[in-house]
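For reference, the structure discussed in these notes is given below.
The values are calculated or read from the model by the stated rules, or taken from the named source; none is laboratory data. Owing to the predicted nature of the structure, the values given are computational and were not obtained by experimental measurement. Glycine gets a Cβ as well: all are built from the backbone with ideal geometry, and neighbour counts include every protein chain shown.
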């Protein structure tokens, strides 16, 4: 069942505005509401700084919504955040990466008012000291400092109505007494993710269409506990526990399949069947992190040490039944049954150490290293049964001969061990009040081995890979005068495949339509250049070029596969996880962030162009070696992005606010074909009453946020078409209540040693 959702995530990963997961990707903790002093957007060294202390959009808002209002930050799916419309956003708090997986983070941010944020820093190209992958950017949220003991907290609850109803609630508490600080959060939600799905593919002589509804109910429960103790004036010790649980029982997909082809006498023939899929899944994510921080001098030099343990479990079972049918969807006898059990267990131990040395001449040196040891265990069980028209076990060939008369058992017990060693060095120098620079490099060594005790193919028995990566970084920033600033940055990063992508498992939509992972996928390399100009701290121009080598993506192979021994199989559609050549992205974004009419109107506007140059080719299944008709993507495309967020204050007392937001993404070429244009018009109204905040939000008012991907550019008439309506149109109502001593000092948020590993779970 999650195959459909996996495909959706893949599609959104290439969108120029904020959509996929990565993803998987964003992490934040303990962000609580916002009362900002001034509104300044400026460029400092390697980052944009948004000082939002007096912003009228902040009061009574959530942490997630205030991040969406930050210049050059966007979200088009109300789940993930992106920078400059394309880079995944990794969330830091007070300079340290948070210790939550992406799903729990999103829920936490939406259930947390943002009460104590001083400023937001956006780093489009992080330096070598940051452990982030590929094109990820960083959003660092700096909290206000308060020095009072006591207890405070907030509660938030809400309800959302789209195709189905959803509800959520959260409670956050902060406590400080002398040298001890404790912060905690618990949040829960339940929803049913609904989508209507059309998949159409074929060649000049045959076609296959699957159409129907997918329904995925989810219940979530998560939270964290952070305990920080000040050992003395210069050192602190902290322990952080994070937990997240998801249960998705009763997920269903019902797809009506129309298959057209040439029969044995050369005539065109159409057959019909109906596929019903039922899936139950649950997952658990628990982690512990121990942190020690030692301030070595009065200039701000310090040592930071982290040790972490992560345990991730996912259990998933599904039954896929395909029935014979007529053109009117009247079901007849059972044709094929696929029973699948796909558990995944991940255990990780991580260590991270940093030393930051500050000198009196405005020179800062950072040096550090990390070690990650991960073991994954995937014990997949597949049973496939074929039935004749009387529902007796049997499969026939075109001549009427019995091919199979017993269930086919295909186990896949895949164990993956990985060790990563990394070291870095960064030098940052402020040469004058106008000019500063930063250089650095990171060196990473990866050793991994994947083994199977019951491989489906001999090449899956043992897969060993060792590789090293040298990743340089450089940036320059020059303040020409008070009104003009120019900066340049170069970054090199890599993107490792997730652990699930490496597991050679198949997820079936139908018996001839499935997604397939690949243990032979290599890490992708990303090289980025970026030039930024800013005028009067309100207007900016960003020019960006990135080159990705060995792109990790899903590619569709369509047609009749030819095995290495020459046997020709029946028409199939396989979505293969693989390295698909390389690609280039060039973009230009012009933006503005200003207030008008004595801060009654706050406007954030971005417009940009992106050019994609794809260079991908695939015709062979990397697992089986079967050959398909060529799939080629060497298409160049241009795409337009428009985004605007507007907040109107309706009264002098700053208690009523009206928001109108809009985004548009033009057609663009991604790995699977052309992604059709997307857009959404959203509106909200908010009332602040003492410690209470009431908000009503409407998303996708025009019902235009739908995914359509088509590819009609292949040879021999081969085509692929995907239409997914995820019912993004919704109405949300929420209530937030803040209580306790509002001046309680926030405790340190701790960077976890296993932060990169979490991004690679599912």
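Which residue, of 335, 340, is within 27 Å of the chain's Cα centre (by Cα), surrounded by 18 or more Cβ atoms within 10 Å (Cβ to Cβ) and in a strand (DSSP E or B)?
Numbers: 335 fails: within 27 Å of the chain's Cα centre (by Cα).
Unique residue meeting the criteria: 340.
Within the range 152-204, if we keep just the residues that are in contact with a helix residue (DSSP H, G or I) (Cβ under 8 Å, 6 or more places away or on another chain) and outside any strand (DSSP E or B), the residue that is nearest to residue 732 (Cα to Cα) turns out to be 203. Considering 249, 292, 274, the condition of being closer than 30 Å to residue 226 by Cβ and free of Cβ contacts under 8 Å to residues at least 60 places away in the same chain is satisfied by 292 alone.
Each row is one residue, and each column tells you yes or no for (1) surrounded by 20 or more Cβ atoms within 10 Å (Cβ to Cβ); (2) part of a strand (DSSP E or B).
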position: 653; (1), (2): no, no
position: 659; (1), (2): yes, yes
position: 664; (1), (2): no, yes
position: 669; (1), (2): yes, yes
position: 674; (1), (2): no, yes
position: 679; (1), (2): no, yes
position: 683; (1), (2): no, yes
position: 688; (1), (2): no, yes
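For residue 128, the conditions (1) crowded, with 24+ Cβ neighbours inside 10 Å; (2) modelled with pLDDT of 70 or more; (3) within 19 Å of residue 68 (Cα to Cα) are fulfilled apart from (3).
Taking (1) modelled with pLDDT of 90 or more; (2) surrounded by fewer than 19 Cβ atoms within 10 Å (Cβ to Cβ); (3) under 30 Å from residue 503 (Cα atoms) in turn, residue 618 satisfies each apart from (2).
Of the residues in the range 632-641, at least one is within 24 Å of residue 556 (Cβ to Cβ), in contact with a helix residue (DSSP H, G or I) (Cβ under 9 Å, 6 or more places away or on another chain) and assigned to a strand (DSSP E or B). Can you spot a residue in the range 310-326 that is surrounded by fewer than 20 Cβ atoms within 10 Å (Cβ to Cβ) and free of Cβ contacts under 8 Å to residues at least 12 places away in the same chain? Checking the range 310-326: not a single residue is surrounded by fewer than 20 Cβ atoms within 10 Å (Cβ to Cβ) and free of Cβ contacts under 8 Å to residues at least 12 places away in the same chain.
Within the range 460-478, identify whether any single residue is surrounded by fewer than 19 Cβ atoms within 10 Å (Cβ to Cβ), within 30 Å of residue 607 (Cα to Cα) and within 20 Å of the chain's Cα centre (by Cα), and answer yes or no. No; the residues of the range 460-478 include none that is surrounded by fewer than 19 Cβ atoms within 10 Å (Cβ to Cβ), within 30 Å of residue 607 (Cα to Cα) and within 20 Å of the chain's Cα centre (by Cα). The single condition among (1) at pLDDT 90 or above; (2) under 30 Å from residue 338 (Cβ atoms); (3) more than 30 Å from the chain's Cα centre (by Cα) that residue 275 does not satisfy is (3).
Select, from 547, 533, the only residue that is modelled with pLDDT of 90 or more, in a strand (DSSP E or B) and more than 23 Å from the chain's Cα centre (by Cα). Exactly one of 547, 533 is modelled with pLDDT of 90 or more, in a strand (DSSP E or B) and more than 23 Å from the chain's Cα centre (by Cα), namely 533. One residue stands out in the range 114-125 among those that are at pLDDT 85 or above and assigned to a strand (DSSP E or B): the one that is surrounded by the fewest Cβ atoms within 10 Å (Cβ to Cβ), namely 121. Residue count for the range 550-577 under the criterion of being assigned to a loop (DSSP other than H, G, I, E, B), in contact with a strand residue (DSSP E or B) (Cβ under 6 Å, 6 or more places away or on another chain) and more than 27 Å from residue 270 (Cβ to Cβ): the result is 2.
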